[in-house]
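The values are calculated or read from the model by the stated rules, or taken from the named source; none is laboratory data. Every value quoted in this text rests on a predicted model; they were computed, and no experiment measured them. Positions of Cβ are backbone-derived with ideal geometry, glycine not excepted, and every protein chain shown enters the neighbour counts.
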Amino acid sequence: MLLLVVGLVLFLGVHSVRIVAEDWRNRTRARLGEGAWKGLYTLLSLAGLAAIVVGYGWARREPVPLWTPLVWMRHPAALLNLIAFVMLTAAYVPRNHVKAALKHPMLLGVKVWAFAHLLSNHTLADLLLFGGFLAWAVLCFRAARGRDRAAGITYPPGEVVPTVLTVVIGVAAAAAFAIWGHARLIGVAPL
């Protein structure tokens, strides 16, 4: 469990620098240079992610149940994960209505993904992993919206074709992951 916690602190900590120390981040990035900053950020992120993956895998071997899972929660969790995949896709498809409306769909997608997994999982490791990501996404979304307001950032309006493309890609990716990827990569068939 310790490795999972260390990984979460490292990964989410690196991704929280703009929330808690944006001035320090800007000074350090200027001092190191853009390439070195991105290299260090990537290295620390990958180390944190590796620790999360290994630590969560180890924690699943000896689960610490916190409550009795409700089997029927798989269905709302599956629907929420479908929505999360569409939001994640919206972050990368330019000029779609989802991004125009939500502004930061990837962060909202992480919130939805984490909440969905909290609905259908019940161990201490699940609470740490998905609860940690949920808390981070809430704080990060709030900070990002605040930066947008302060800078007067506006997002381009959405268009029909990119929006349809966003939904189709997001639904296809969610279906592929639910049917094939989740069981292969995580070891649990969600459906």
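See the values below:
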{"quantity": "Close pairs (6 angstrom Cβ cut-off, 6 or more residues apart or separate chains): assigned to a helix (DSSP H, G or I) in the range 164-191, at pLDDT below 90 and of a type outside the set (Lys, Arg) anywhere", "calculated": "ALA178/PRO190; ALA178/LEU191; HIS182/PRO190; ALA183/ALA189"}
{"quantity": "Of all residues making up the range 28-42, the number that are within 18 Å of the chain's Cα centre (by Cα) and either on the phi > 0 side of the Ramachandran plot or loosely packed, with under 14 Cβ neighbours inside 10 Å (or both)", "calculated": "1"}
{"quantity": "Given (1) in contact (Cβ under 8 Å) with a residue 40 or more places away in the chain; (2) out of contact with any strand residue (DSSP E or B) (no Cβ under 6 Å at 6 or more places or on another chain), number of the condition ARG95 does not satisfy", "calculated": "(2)"}
{"quantity": "Test result for ALA176, modelled with pLDDT of 95 or more, surrounded by fewer than 19 Cβ atoms within 10 Å (Cβ to Cβ) and either small (Gly, Ala, Ser) or within 11 Å of the chain's Cα centre (by Cα) (or both)", "calculated": "yes"}
{"quantity": "Qualifying helices (runs of 4 or more DSSP H) (wholly inside the range 1-69; at least 2 residues being touching a residue at least 12 places away in the same chain (Cβ under 8 Å))", "calculated": "2-14, 17-20, 34-61"}
{"quantity": "Total residues in the range 1-27, condition of a type outside the set (Asp, Glu) and either exposed (fewer than 13 other Cβ atoms within 10 Å of the Cβ) or farther than 30 Å from VAL64 by Cα (or both)", "calculated": "10"}
{"quantity": "Residue among ALA100, ALA90 that is in the same structural domain as GLY131 (by TED's automatic domain parsing) and under 17 Å from the mean Cα position of the chain (by Cα)", "calculated": "ALA90"}
